[in-house]
Structures are given as structure tokens and as C-alpha cells.
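Here is the structure we will look at, set down as C-alpha cells.
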Amino acid sequence: MSTARKVLGNTLVQFGGKLVTAVLSIVVLRIITNYLGVAGYGDYSTIYELLALFGIAADFGIFTITVKEMSKDEQKIPYILGNVMGLRTALTLLIMLIAAVSIFLVPAYAGTVIPIGVLIATLSTFLTLLNGTVSTVLQVHLKMQYATLSLIIGKLVSVGYIAIVALWLFSDDKVTGFQHLIWAGVWGNLIMLIITSYFVSKLAPIRYRFDLEFWKKIFITSLPYGVALTLNQLYFRLDTVLLTTILPRTVELSDGSSVCEAEMCGNVEAGFYGVGMKFLEMLILVPVYYMNSVLPTMTRFLEEGKEKVRKVVQYSFEFLLAAAAPILVGGFILAKPIVDLIANEEFASGGRHAFGSDVAIQLLIFAMFFSFINSLFSFTLVVMSRQKKLMIINAICVALNIVGNLLVIPYFGFRGAAATSILCEIFILIFTGMAVKKALGFNLNYKTALKIFLSAGMMGIVVGGGYLLLQNSWFVWQLAILMPVGAAVYGGMLLQTKAITAFPRNPFLIPLLLPIRGH
């Protein structure tokens, strides 16, 4: 099998697995939002946003650097795996300890469910990061179907646990039930790690190694990218934390419900924002999966010269743009029925709240669009050992994000937070694009990009018109009819404009999915 087909297969397997887990995530989201309500879900999402901040610091970019190192010499995979397991476990335990202690020191969270929730969720984060370390072997061998299988089974365990807690065991005791919702993630991730380890053990021995000199080498190599990655996630995840610390909380009533006595309450705004973020999290891993599949190939091609890397960057740009454009257009138009599907009407705009999760999706989906392309430029800089530039760009962006959020959140709530995220993604796009251009010495060809935008625009006209006609219909019918119609229009326009053709000229990347004519 050719390298291109392996890359394509590896990406499609992960994407297929992501589709399955996305469906399961929708089930989970709908159960939890109905069980906890807007404010309760705001607390739930805050816990995972906080842990994501600490988790990415514990990850420190080591997954990507490990895949890169293993790709250079597959004979050293057992040695690299053992040492990276040791290093990552040590880092994770340290960071999770800091997270567990520091969260109890935040005044805004005192007396809430958040500190205990974070304490439980640290176990889930630890298992996730350890699973990611072990799965690097599958990534290098392009056998991510096994990691995908473990992900699905682990998710099924979590979904089952959550359903039992919310619908049966603790349907009337949401305080105890809230903690069990967090434990569901722990058990699911434990099962995932066990299954992944079983398949990896067939390719390489899994045992801890403690070569401190190698630890130092990997840590120093990962340091610039790890800092850049942490900063990148910091501005992306910090919004929810700032919402819940800047704005006041809802007031708990004697009957167990809560009411917002201010114009905006932090946990309510975080609830609306969290549903929008959850929807985008189902999509945002697409470029990450794709670039992790391409990373070993780009690393090998770099040894042969920059020309092949330039072609990989060009084709990857077109592929990611072709994936992001219809999501942007379709997601913006269908935001309301999407919220009705993944949550409930309480989270939509109107009624008690003028701006709901559908507005959050409409804003955040622009940030997602830019992040697809940013993933390409960021990974390319890593391949070319330009992590320090990435670190500086993200550091500036974090500073701008914090200042922007402090200025706008008190007046616009989650809408202001979403706007700052969009501006940060644009900032990163401009400066990482300039850095890649300078490193590779070439300009992207935008001819195909224009065809992609034209195709997405036509799709938008058709879907938008259909949505107006079906506006009073059940949301399930709206999505069931308009999504396939939109996909058909988009695919037909790509063929009609010759953005894709049946006979690719490039032999080594995406010959089946996005063959581009004229390069």
C-alpha cells in the first residue's frame, strides 16, 4: 500500500471513529444538559475547561514530538516509548497535583461543586494522557484503527454510566449525581487505556524506562512547542474560566433550582458557551487527526528536500479548507436546530435569554474555520523545528486574549469571549502563515481555494433557502433534509468547478480524497 493511501486510510479511520464518538457525545450532551440545566452544565463544562488547561500543559507537545522521533528510526520505538511514558507520567502527576490543590484556592469556586469535580477529573486526564503516549506507536505504524476502537468502547462505557446516573440512580439527587457524571469519564478512559495497551503490546513492549538524559533531550525538544501548544489552548480554553470568575454566579434557591439576579451570570454564560464549544470540539480534532497522520510523512520528506514538503503543505491546505468551508457555512445557518439536537430549547436564543448556544456556535464556528488552517501551519513549523516562533506568536495571542476578555466579558458575556477567540485565530493564522512562507520559501496557490469558497457559497444559498422554508418544522427534519442536500450541492459544485477531479497528478498525498488538478 502506498504512503498516500496509508495516510488517507489512517485519517479516515480516525475521522470515522470521531463520527461515532461525536454521535455518542451528542447523546451524553443531551442527557447532561437536560439533567443539570444551563447553570449546572456551566459548572460541568468549567471543570473540563480547567482540566484541559492543565492537561495540555502536562501533554506539553510530547505526543507530536514523539511521533516525529519514532518516524526517524522505528527500531528505537520501544526505547522511545518507555522513556516518554516515564517522562509524561512524571509531568502529568506533577501538573495534576498542582491543578487539584490550586483549584481550592480560587475564591470564585469556593462552596461550589467545581473543586471536587476537578479533583475527580484529574484521574480522567491522567489516563487520557497515558493512553495518548501509548498510542504514538499506532500512529507511527499508521494503525490508528485500534486506537479508534478503544476510543469508541471507552466512550460507550462512559455513556452507559452517565445514562444510569442521570435517568435512574440519582435522577432526584443532582449533587451526588454531578460527581458521578465526572466519574463516568474516569472509567471510560481506564477501559480505553487497557484496550489501546493490548494492541500496542503486539507491536512494541510496553514498559517504563528511566534514561534521564533522553528525558532531558525530549523535554528540551518539546519545550518550545509545548509552551506554544499550552499558550494556544490557554487562550482557547481561558474564556470559560474568565466567564465564571469575572461575572457573578446564580443564586441557589431552597428548592434546589437557581436564579440569575444580575444581568448576566458566569455559570449561565458558561453553560451557553459550553454547548457551543462542545459542538466545535467534535469537529476541531479533524485537522489534528489529519496532521498527525501527515506528520511522519512530512518528517521523512524533509530529509529529501523542501520541495516535497511544499507540495504536502499545498495539498493539505486545500484539503483542510475543503473540510472547513462547508462546516462554517452549514453550521452558521443551522445553529438553532443543532442546539435543539445536542441540548434542548432552554439553551437556544429567545425566551428568558436573548442570546443562547446557537449564537455561541455561530460565532465560534469562525474561530474553528481559522483553526483548521492554523493546524497546518503549526505542525509545519514543528516539522521544520521552528517551535520557538510558534511559541512567541501564541504568547502574544494569549496576552491579547486576556486583555480583550477582561474588557468585553462584563458587557457582552460569552459573545465577547467568542469574538476574542476569532480575533486570536486570525492573528495566529497571519503570523504562522508568514513564518511557514519564510521557512519554505513559497507562496500558496489560491486557485483551488476560490473554487472551494464558491462551492461552499452555493451550498449556503441552497441550505439557507431550505431553512427558511422549513423554519417551522421539527428540528430533526430540518437537519435530516438540509444536511444531505447541502453535502450533495457542495460535492457537486466541487466537481463542477473542477476543484477535485478523478485523476490526481500527485502520487504521494490524498490521491483519493482531494486530487487537485493543475499542480
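The values are calculated or read from the model by the stated rules, or taken from the named source; none is laboratory data. This structure is a prediction, so every number in the text was calculated from the model and none was measured. Methodologically, a virtual Cβ is constructed for each residue, glycine included, from the backbone with ideal geometry; neighbour enumeration extends over all protein chains shown. What goes into the accessible areas is simple: the full protein's heavy atoms, side chains included, and nothing from ligands, DNA or RNA. Shrake-Rupley method; radii C 1.70, N 1.55, O 1.52, S 1.80 Å.
Annotations
- Per residue, segment 363-435 exposes an accessible area of 36 Å² to a 1.4 Å probe, with every protein chain left in place.
- 29 Å Cα-Cα threshold exceeded, pairs from K311/K389; K202/K388; K306/K389; K143/K498; K155/K388: K202/K388; K143/K498; K155/K388
- Accessible carbon and sulfur surface of segment 377-498 relative to its total accessible area, %, 1.4 Å: 74 percent
- A run of the chain free of exposed loop cleavage sites, with GluC sites (Glu not before Pro) counted only in DSSP states other than H, G, I, E and B and at most 16 other beta carbons within 10 Å, reaches its longest extent at 1-260.
- Extents of the chain, taken as max minus min of Cα coordinates on every principal axis and listed largest first, are 69, 59, 42 Å.
- Separation of alpha-carbon centers, segment 87-164 and segment 25-39, rounded to whole Å: 20 Å
- With the simple model of a label 7 Å out from the Cα in the direction of the Cβ, L97 to L212 spans 1.7 nm.
- Two-site label geometry, A487 and I164: point separation in nm, points 7 Å out along Cα→Cβ: 3.4 nm
- Gained length - T245 relative to N443, 0.36 nm times residue gap less alpha-carbon distance: 66.9 nm
- Long-range HN-HN contacts of G413 with modeled amide H, under 5 Å: none
- Within the accessible area of segment 163-253, the carbon and sulfur atoms contribute 67%, probe 1.4 Å, all protein chains present.
- The Rg/Rh ratio of segment 362-433, with Rg taken over Cα atoms and Rh as the Kirkwood radius over Cα pairs, comes to 1.03.
- When +1 charges are put on Lys and Arg Cβ atoms and -1 charges on Asp and Glu Cβ atoms, the dipole computed for the chain relative to its Cα centre reaches about 2380 debye.
- Along principal axes, Cα extents of segment 370-493, largest first, whole Å: 51, 42, 19
- Chymotrypsin sites (Phe, Trp or Tyr not before Pro) within segment 124-229, DSSP loop, no more than 13 other Cβ atoms inside 10 Å: Y208, F210
- Each part gets one Cα centre, and for segment 411-488 versus segment 308-381 those centres are 6 Å apart.
- More than 21 angstrom apart: percent of Cα pairs within segment 261-404: 55 percent
- Additional length obtainable on full extension of the chain from S201 to E345, 0.36 nm per residue less Cα span: 47.2 nm
- Secondary-structure-derived ellipticity at 222 nm for the chain, considering helices only, amounts to -27500 deg cm²/dmol, per-run term -39500 (n - 2.57) for DSSP H runs with n ≥ 4.
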